[in-house]
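Peer 1: I'd like to ask you about the structure that follows.
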Amino acid sequence: MNHDGLLKILKRSFGYQSFRPLQKEIIEDSLAGKDVFALLPTGGGKSLCFQLPALTRRGLTIVVSPLIALMKDQVDGLVASGIAATFLNSTLDANESRARYRGLYRGEFKLLYIAPERLMLPSFLERLPELNVEAIAIDEVHCISEWGHDFRPEYRQLADLRTALPGVPFLALTATATERVREDIVRLLALENPRRYTASFNRPNLTYRIVPKHKPGEQVVEIVRSRADETGIVYCQSRKATEQLAIKLQAAGIAAGAYHAGLEPEQRERNQDRFLRDDVRVICATIAFGMGVHKSNVRYVVHYDLPKNIEGYYQETGRAGRDGLPSECILLYSSADAIKQRTFIDEKPDPEEQRIAREQLQQMIHYAESSDCRRQTLLGYFAEPFDSIPCGGCDNCLEPRERFDGTLAAQKFLSCIYRLRQASRFSVGLNHIIEVLTGADTEKIRRWGHDKLSTYGIGKEHSRTEWQSIGRELIRLGFCSQTAERMSTLELTTDGQVWMKSRQTLTLTRPVSTVTKPVRKKLEGEIVCDEALFEYLRTVRRQIADSRNVPSYIIFPDVTLRHLAARQPANESEFGEIPGVGERKLKDFSEPFLDAISQWKASKKRT
């Protein structure tokens, strides 16, 4: 099919006039029968890459999906757009399953969503040749690699489909994967000379912000209160924290729920459903919550605790602003959280696993403490260059932290490392160096004679917290290095030795704990409209969604409502030009929304 033909389907079925980056190329290669690997970050339009081709094929497209919630969510959205789609999973009773099987045999569906466990059952594999399968799309494909952030062993069986369905093209999709994971995916799925596509990891509508962690429960209440009528996710490390935080928010009059793997399945599903349907404004959750969440209007993500690694942090922050509207990602940070994480790492039985986890944690700490552009740091982790600094979308670029002449402090710190090594013939950790600099009277210092060193007590002008920040910045600058062992120690590097001899001036950054000003809200992706009309249209949308028993964003995402509130269409023709309005949604929803806009205009005239 040519480009114009694809655009017609895009507008007719999905309501959009143009493709997002790489969508057209991926779709064309898939329709040409080629295997494709596509890495499109959250909000980049992955689903369209297999949904649109399915509409042009005579047969069935199977979509492998790991989560029940994700299946139902996508199928509800497709059905609302007039697309024949279904799913098979454990939530269906026997009669409903049989009805859907009959529909599949009769060729009534274009898309079938199914979990890998059910798809690879011998009884189901036997039926596959009868279903006229023309394509296999594997979503969240990073689950196949044990180096990915959400490894699922059942994904490993999917390569057997190459034998069961010879010649059927594969489309492997994920939102995040390092180079190692990408190669793993291609190898384990036995993709044949796949076309590979990697979109930019940059999410320009997201603002990244680090906030010093101080009375975090109260901080979260303040953050949520300041975002009235907006939806958010608060990620916590422990199940207990999610429940306690949800209770604290509820006590403050905020509709909140908890989500973690320890809840009864019915309760967990009920809490998630209430969040998806906007019955609760905020969900407090462990990382068990997320991969299947396609709620497009999450306006903020808060990390109550320090994430274990940058990849997980990026994936979790990516749940904000899927619709492209301005959204915020806030991390509450304290060095105490880093110490707690190291304790958990020390409990891992495998030394190599410990080493990798420490390296990943150190990268996360550097991200949180650095004065560098946070967007550049995140993209650099995925080997994507970013030079548009200031980025306009992180605290360090919007309100750069205070700088100071750190020459003397750096000389003292590095000299202390050198003297300790020279005197004892072994290296020590960051805390011990700080204790020597601040003149602490500890048993270790006395036993090793470190109170006799020339650097003992020469750093009393700085607090321990300030020295920790100085030390970690010198590590980031490469003047000293920190080992990834259980008892991590510091070593003076060649660059550090050269700088000490050069006596050059060195500028350092004040600790993040001194920065308390809020970041100005970033306007990237904003659609200016009548805010009161937008809120009124949200009410109309909610009524329609409730009548259909689906989440509100299945009817229209916020971005479509904002376009409606900005353009205020007066008839069906104008309504059909709004982004996100395809033929089916024009037919089903134009009348109530046009009536609402008309009534709104009339009330404005009267006042």
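Peer 1: Mind putting a number on the dipole of the range 1-100 about its Cα centre? Charges go on the C-beta only, +1 for Lys and Arg and -1 for Asp and Glu, and I need it in Debye to the nearest 20. Could the numbers behind the result be given before it?
Peer 2: Details: 12 positive and 9 negative charges, 47 e Å.
It works out to roughly 220 debye.
Peer 1: Mind giving me the FRET efficiency for Ser97 and Arg567? R0 is 35 Å, r the Cβ-Cβ distance, nearest 0.05 is fine. Each step should come with its number before you reach the end.
Peer 2: Numbers: r = 44 Å, r/R0 = 1.26.
Once the sixth-power term is evaluated, E becomes 0.20.
Peer 1: Another question, then. Using the C-alpha atoms of the range 206-398, what convex hull volume per residue, in cubic angstrom, is computed?
Peer 2: Numbers: hull volume 24.2 nm³, N = 193.
Hull volume normalised by residue count: 125 Å³.
Peer 1: Still on this model: Restricting to DSSP H runs of at least four residues, report the calculated mean residue ellipticity at 222 nm for the chain, -39500 (n - 2.57) per run over all residues, nearest 500 deg cm²/dmol.
Peer 2: Details: 27 runs with 274 residues, N = 607.
Value at 222 nm, helices only, nearest 500: -13500 deg cm²/dmol.
Peer 1: May I ask you to order 26-36, 327-337, 589-599 by the average number of other C-beta atoms within 10 Å around their residues, highest value first?
Peer 2: Order by mean packing, descending: 327-337, 26-36, 589-599.
Peer 1: So, one more: Please state the relative contact order of the chain as a whole percent: Cα pairs under 8 Å, 6+ residues apart?
Peer 2: Values: 1002 pairs, mean separation 87.1, N = 607.
Rounded, it is 14 percent for the chain.
Peer 1: Once the cut-off is 15 Å, how many percent of the Cα-Cα pairs in the range 403-509 end up in the long-distance tail?
Peer 2: On the way: 3357 of 5671 pairs.
Percent of Cα pairs beyond 15 Å in the range 403-509: 59.
Peer 1: Using only alpha carbon pairs under 8 Å that are at least six residues apart, calculate the relative contact order of the range 531-606 and give it in whole percent. Please report the intermediate quantities before stating the final value.
Peer 2: Working: 59 pairs, mean separation 23.9, N = 76.
Reported relative contact order: 31 percent.
Peer 1: Rounded to the nearest 5, what is the percent of antiparallel bridges among the DSSP beta bridges in the chain?
Peer 2: So the antiparallel bridges amount to about 10 percent of the total.
Peer 1: Stretched out fully, how many nm does the piece from Glu266 to Lys215 gain, at 0.36 nm a residue minus the Cα gap?
Peer 2: Values: separation 51, 0.36 × 51 = 18.36 nm, distance 3.23 nm.
Taking Glu266 through Lys215 to full extension adds about 15.1 nm, to one decimal.
Peer 1: How high is the FRET efficiency between Arg227 and Lys452 when r is their beta carbon distance and R₀ equals 60 Å, given to the nearest 0.05?
Peer 2: Computed FRET efficiency for Arg227 and Lys452: 0.60.
Peer 1: State to the nearest 20 debye the size of the charge dipole of the chain about its Cα centre, where the only charges are +1 on K and R beta carbons and -1 on D and E beta carbons.
Peer 2: Computed about the Cα centre, the dipole is about 880 debye.
Peer 1: Computed over the Cα atoms, what is the radius of gyration of the range 378-440 divided by 2.2 N^0.38 Å, N being its residue count?
Peer 2: The reported ratio for this selection is 1.71.
Peer 1: Right, next: Let me know the Kirkwood hydrodynamic radius for the chain, please, with Cα pairs as the basis and the value in Å to one decimal. Present the calculation step by step, with values, prior to reporting the outcome.
Peer 2: Numbers: mean 1/r = 0.0374 Å⁻¹.
Final number for the Kirkwood radius of the chain is 26.7 Å.
Peer 1: How much FRET efficiency would the formula 1/(1 + (r/R0)^6) give for Asn89 and Lys348, where r is the Cβ-Cβ distance and R0 is 41 Å, rounded to 0.05? Write down the numbers at each step before the final one.
Peer 2: Details: r = 33 Å, r/R0 = 0.81.
Taking R0 as 41 Å, the efficiency between Asn89 and Lys348 is 0.75.
Peer 1: Just how far, in whole angstrom, is the range 69-139 from the range 212-279 if you go by their alpha carbon centroids?
Peer 2: Result: 33 Å between the Cα centres.
Peer 1: With just the Cα atoms defining each centre, how far is the range 297-374 from the range 458-512? Give it in Å.
Peer 2: Result: 22 Å between the Cα centres.
Peer 1: While we're looking at this one, here's another question. Find how much the distance from Gln422 to Arg355 grows on full extension, using 0.36 nm per residue of separation minus their present alpha carbon separation; answer in nm with one decimal. Spell out each step's value before the answer.
Peer 2: Numbers: separation 67, 0.36 × 67 = 24.12 nm, distance 2.70 nm.
Computed gain between Gln422 and Arg355 is 21.4 nm.
Peer 1: Got the relative contact order for the range 403-509 handy, in percent, Cα pairs under 8 Å and 6 or more residues apart?
Peer 2: On the way: 138 pairs, mean separation 40.1, N = 107.
Relative contact order, the range 403-509: 37 percent.
Peer 1: Using the 10 angstrom Cβ neighbour count as an exposure proxy, how do Cys143, Cys529 rank, fewest first?
Peer 2: Details: Cys143 24, Cys529 17.
Listing Cys143, Cys529 from fewest to most nearby Cβ atoms yields Cys529, Cys143.
Peer 1: Right, here's the next one. Of the peptides 100-108, 8-16, 190-198, how do they stack up when ordered by the mean number of other Cβ atoms within 10 Å, highest first? Mind showing how you got there, number by number?
Peer 2: Details: 100-108: 13.4, 8-16: 18.3, 190-198: 15.3.
Listed from highest to lowest mean packing, they are 8-16, 190-198, 100-108.
Peer 1: What is the magnitude of the charge dipole of the range 3-198 about its Cα centre, with +1 placed on the Cβ of each Lys and Arg, -1 on the Cβ of each Asp and Glu, and no other charges, expressed in debye to the nearest 20?
Peer 2: Details: 25 positive and 24 negative charges, 117 e Å.
For the range 3-198, the charge dipole is close to 560 debye.
Just so you know, all these numbers are worked out from the coordinates, no wet-lab data involved. These numbers were taken from a predicted model, which means no experiment stands behind them. Positions of Cβ are generated from backbone atoms using ideal geometry, with glycine treated the same way; all protein chains shown enter the neighbour counts.
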